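The values are calculated or read from the model by the stated rules, or taken from the named source; none is laboratory data. It should be emphasised that the depicted structure is a prediction, and the values quoted were computed from it without experimental measurement. Glycine gets a Cβ as well: all are built from the backbone with ideal geometry, and neighbour counts include every protein chain shown.
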Amino acid sequence: MFKPRYLVMLAAPAAIALGVWSCDRPTTVSPRMSKPNFWAGGEQCPGSKFTGGGRIDPPDHLDAEDQEDPQSGSQMSGKVTFGFNVFLGSDADGNCVVEKGEIQVVHHQPEYPFQVTWHVSIHDGVNSTDGSTPVPAHTYFSSRGGLCVVVGPTTARGHAVTLGGVKFTEQTRMSACDNGEPGSSPGFGPDAFRWESMENFGDTQLQFLTGGNIQAH
Amino acid sequence: MKRIHTQWASRLAALGLIVGLTAGLATAGVAQSVSGRAYGVYASTPLGSTVQAPLAVLPAVSGPDGGDMANAESDGLSAGSALSVDFLNSITSGSVDRFGDPSAAAAQSVASVGNVNILSGVITAAGVIASVASTRTADGAVSNADGSTLTDLVVAGTQVTSGDGTVEPNTRMDLPGTGYVVLNEQIPSGDGVTSSGLTVNMIHVVLQQPILGLLGEVIGYQTVGNIIVGSATSAVGN
């Protein structure tokens with residue numbers, strides 16, 4: 001038969017343990033991270049998401065240390081604003097892919113009036129523009145202890161506003177690094193972003209943010 | 001007597017359990033919320049209807065996998081003689097939970113506009129970018145407007161920026177006969193500990209008309225309209 005003192009015996013230690021646990025846990029989060037146990041490198045990636053937005057000013061604040069590949073195509077310069085949200089996962093073969101996401105990038109050409117926009121949309125694991133192609137992705141650790149993601153190459157819908165309103169599609173690739181919070185401080189960095197227009201407008205290279213933030217999860 | 005002691009002990013134990021659970025959950029972090037919005041222009045004038053475009057609003061974000069993005073764009077827009085602009089883009093994104101830290105959250109918004117012409121040339125700019133970001137970690141909540149700039153801005157014949165430049169937050173300039181303009185208007189919110197938010201309006205024109213007294217003298221001014229170019233808002237909190 002249940003007796004009240006049993007409740008006392010069970011609840012009191014539990015309450016103490018919870019209180020101690022809540023007080024003892026560290027309250028700060030280091031921006032530096034070690035590789036998680038499930039990290040295997042290669043094309044695999046943690047099931048995670050990346051979100052970000054802001055501005056870079058190529059080629060002024062190059063993050064050469066953490067740029068994975070050399071410059072592809074011409075140097076894109078001027079102001080570039082962007083926003084994105086991508087969810088990563090693995091396909092049947094264990095390759096890292098984007099399960100769903102959106103990317104919007106705007107290149108404000110230094111010689112106004114001229115502007116190019118790109119949009120990438122991914123649903124159910126495939127690029128919505130071509131309707132069938134999976135979108136590859138991979139992650140790597142930056143020299144600052146942050147986590148970077150590379151999405152693509154994948155098809156983007158483009159729009160060059162003053163080239164007669166020309167609309168086009170092309171292969172693009174996005175790189176983004178979360179190196180700490182906040183993502184931008186007066187000046188630039190520590191987070192970084194790269195946009196590669198692989199057929200038409202060149203490569204920003206990996207640039208520290210002059211505004212905004214990138215978050216890895 | 002023994003029964004009374006047992007009842008009190010039970011009540012104390014239950015109270016301790018509640019306190020412990022509450023403290024544990026509080027430290028573990030309660031559900032975070034993020035919000036964001038951005039738009040290129042807003043105009044509400046005595047002679048025209050209200051416009052606000054292109055408007056991007058961050059959808060509701062929640063849960064450990066919460067994250068989203070919204071964007072809107074327009075090639076050009078005009079509102080009579082009050083305003084004409086080109087190349088409008090608005091983007092906002094946000095998420096909760098960073099590297100398994102349930103107290104973390106972030107939102108960021110950016111609005112960009114080109115070829116700005118306000119009030120038939122009273123204010124012109126080659127480009128405007130409004131950029132804000134809000135983040136919360138275990139160390140606190142902060143917001144900033146880094147990356148917000150005005151390109152080749154001229155106000156009532158005065159060159160304010162040459163090339164891509166910034167001005168001090170909440171810089172006010174009078175517009176005789178029209179009202180005044182606030183450049184890089186920044187409106188903060190939140191307590192800086194568990195919440196933080198910021199709205200930046202890069203160009204905010206306040207249209208005013210004089211209020212006349214019985215003898216026709218000016219006894220004050222009333223606001224009759226607003227024009228905003230380049231607005232971005234982000235906020236985090238719980």
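Before moving on, here are some points about what is shown:
- Test: A:Arg194 is charged (D, E, K, R) and either within 8 Å of chain B (Cβ to nearest Cβ) or buried (at least 20 other Cβ atoms within 10 Å of the Cβ) (or both): yes
- Condition met for A:Val149 (crowded, with 23+ Cβ neighbours inside 10 Å, at pLDDT 90 or above, within 13 Å of the chain's Cα centre (by Cα) and not acidic (Asp, Glu)): yes
- Matching residues in the stretch B:167-194 - criterion: being assigned to a loop (DSSP other than H, G, I, E, B), of a type outside the set (Asp, Glu) and farther than 22 Å from B:Ser148 by Cα: B:Pro176, B:Gly177, B:Thr178, B:Val193, B:Thr194
- Here the condition is being at pLDDT 95 or above and closer than 30 Å to B:Gly80 by Cα; of B:Val218, B:Val205, it holds for B:Val205 alone.
- If only residues of the stretch A:197-217 that are of a type in the set (A, V, I, L, M) and away from chain B (no Cβ under 14 Å) are counted, the one that is surrounded by the most Cβ atoms within 10 Å (Cβ to Cβ) is A:Leu206.
- Candidates B:Ala60, B:Ala72, filtered to the one that is hydrophobic (A, V, I, L, M, F, W, C) and outside any strand (DSSP E or B): B:Ala60
- Selection status of B:Ile187, under 18 Å from B:Ser231 (Cα atoms) and exposed (fewer than 15 other Cβ atoms within 10 Å of the Cβ): yes
- Looking only at the stretch B:150-166, and only at residues there that are exposed (fewer than 13 other Cβ atoms within 10 Å of the Cβ) and part of a loop (DSSP other than H, G, I, E, B), the one that is nearest to the other protein chains (Cβ to nearest Cβ): B:Gly163
- Residue count for the stretch B:92-123 satisfying the condition of being surrounded by 24 or more Cβ atoms within 10 Å (Cβ to Cβ) and more than 9 Å from chain A (Cβ to nearest Cβ): 4.
- Selection within the stretch B:206-238 - more than 27 Å from B:Ser93 (Cα to Cα) and either small (Gly, Ala, Ser) or within 19 Å of the chain's Cα centre (by Cα) (or both): B:Val206, B:Gly213, B:Gly216, B:Gly220, B:Gly225
- Filter result (more than 10 Å from chain B (Cβ to nearest Cβ) and within 20 Å of B:Ile91 (Cβ to Cβ)) within the stretch A:171-188: A:Thr172, A:Arg173, A:Met174, A:Ser175, A:Ala176, A:Cys177
- Meets criteria (within 20 Å of B:Ser231 (Cα to Cα), hydrophobic (A, V, I, L, M, F, W, C) and either under 16 Å from the mean Cα position of the chain (by Cα) or assigned to a loop (DSSP other than H, G, I, E, B) (or both)) for B:Ala133: yes
- Within the set B:Gly165, B:Gly147, the sole residue that is at positive phi and in contact (Cβ under 8 Å) with a residue 12 or more places away in the chain turns out to be B:Gly147.
- Unique match (being among the small types (Gly, Ala, Ser) and buried (at least 18 other Cβ atoms within 10 Å of the Cβ)) among B:Gly127, B:Gly140: B:Gly127
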